[in-house]
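Notes follow the structure.
The values are calculated or read from the model by the stated rules, or taken from the named source; none is laboratory data. A quick note: this is a predicted structure, and the numbers were derived from the prediction, not measured. Note: ideal-geometry Cβ built from the backbone for every residue, glycine included; neighbour counts use all protein chains shown.
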Amino acid sequence: MKKSGDTARGFALRRQRMVDRLRKDGIGDERVLEAMRRVPRHLFVAEALRTRAYENIRLPIGQGQTISQPWTVARMSELLRVEEGARILEIGAGSGYQAAVLGAMGARVFSVERHAPIARRAARIIKTLEYWSVSIKHFDGTYGWAAEAPYDRIIVTAMGPEVPEPLTRQLRLGGRLVMPLSSGKDPRLVVVERETERWKRSDHGSASFVPLIGKYGYERNPTPDP
Ligand code: SAH
């Protein structure tokens with residue numbers, strides 16, 4: 001038997017409350033909020049965790065990975081300044097939720113995930129929910145996705161030591177990249193804008209993410225200092 005609140009209407013109510021909370025916490029981009037009001041986040045997590053899907057927390061998605069907390073998804077989507085029809089590359093598909101939010105905002109999304117079972121699951125749910133503008137593939141995303149480049153926007157949802165070099169080449173002039181970078185012990189959310197020959201960086205506060213593992217990321221899980 002379903003518990004009260006576990007119905008489509010119950011989930012829609014929770015989603016609305018999540019969005020109200022995000023707005024109160026400083027998310028101002030109405031298009032981001034509207035997309036998050038529509039995408040059924042509970043379907044991107046394991047069944048046993050569904051009732052917690054609209055709390056502002058990270059949740060496990062297997063292989064030691066997590067679906068980012070709603071505030072982080074909202075903030076990164078806002079920093080990305082998504083325009084209708086934009087071509088977006090995402091590194092770290094994870095559950096597929098962030099990709100679905102960008103898809104719901106009218107973007108064409110190419111998302112890469114290094115864990116095969118996670119990528120398969122994300123692709124399945126994206127297909128079930130009919131987000132036709134979102135493609136998910138399984139490989140080391142630090143190489144980028146050259147065949148579909150250049151991109152208007154790039155979002156990296158795992159923390160790396162630096163922006164992977166191939167990604168800088170796949171971002172078009174005037175494009176923006178959002179990524180958590182670890183500088184010492186204080187990981188930061190960074191926006192990189194590609195102007196003509198210059199690159200402009202801005203810092204958007206501290207951030208906590210799983211590591212970006214690959215050729216142009218960390219070679220293996222960086223172990224924290226004791
Ligand atoms: N955007 C995701 C958050 C996933 S957490 C969501 O909405 O759920 C980050 C993900 O990045 C993890 O699933 C991890 O496996 C993946 N990842 C780490 N290094 C990667 C790499 N080099 N290429 C592709 N994916 C990577």
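Some observations on this one:
- Residue check for residue 38: surrounded by fewer than 19 Cβ atoms within 10 Å (Cβ to Cβ), farther than 18 Å from residue 92 by Cα and in contact (Cβ under 8 Å) with a residue 60 or more places away in the chain: yes
- Residue 153 satisfies every condition listed in (1) out of contact with any Leu (no Cβ under 6 Å at 6 or more places or on another chain); (2) of a type in the set (Lys, Arg); (3) farther than 27 Å from residue 60 by Cβ except (1).
- Residue pairs meeting the criteria (Cβ under 8 Å; at least 6 apart or on separate chains; first closer than 19 Å to residue 142 by Cα and modelled with pLDDT under 95, in region 203-218; second within 7 Å of the ligand (Cβ to nearest atom) and β-branched (Val, Ile, Thr)): 209/157; 210/66
- Qualifying residue in region 73-86 (condition: touching an Asp or Glu at 6+ places or on another chain (Cβ under 6 Å) and charged (D, E, K, R)): yes
- Residues satisfying the stated conditions in region 108-126, i.e. within 11 Å of the ligand (Cβ to nearest atom) and either of a type in the set (Ser, Thr, Tyr) or farther than 21 Å from residue 85 by Cβ (or both): 111, 113, 114, 115, 116, 117, 118, 119, 121, 122, 125
- Residue in region 85-107 that is farthest from residue 155 (Cα to Cα), counting only those that are within 7 Å of the ligand (Cβ to nearest atom) and not aliphatic (A, V, I, L, M): 95
- Listed here are the strands (runs of 3 or more DSSP E) enclosed by region 126-205 that have at least 2 residues being hydroxyl-bearing (Ser, Thr, Tyr): 171-183.
- Cross-chain or 6+ apart pairs with Cβ under 7 Å, region 62-74 first and farther than 24 Å from residue 31 by Cα, then near the ligand (Cβ under 6 Å from one of its atoms): 62/118; 63/115; 63/118; 65/94; 65/115; 65/118; 65/210; 66/210
- When residues of region 57-84 are limited to those that are among the small types (Gly, Ala, Ser) and within 10 Å of the chain's Cα centre (by Cα), the one nearest to the ligand (Cβ to nearest atom): 68
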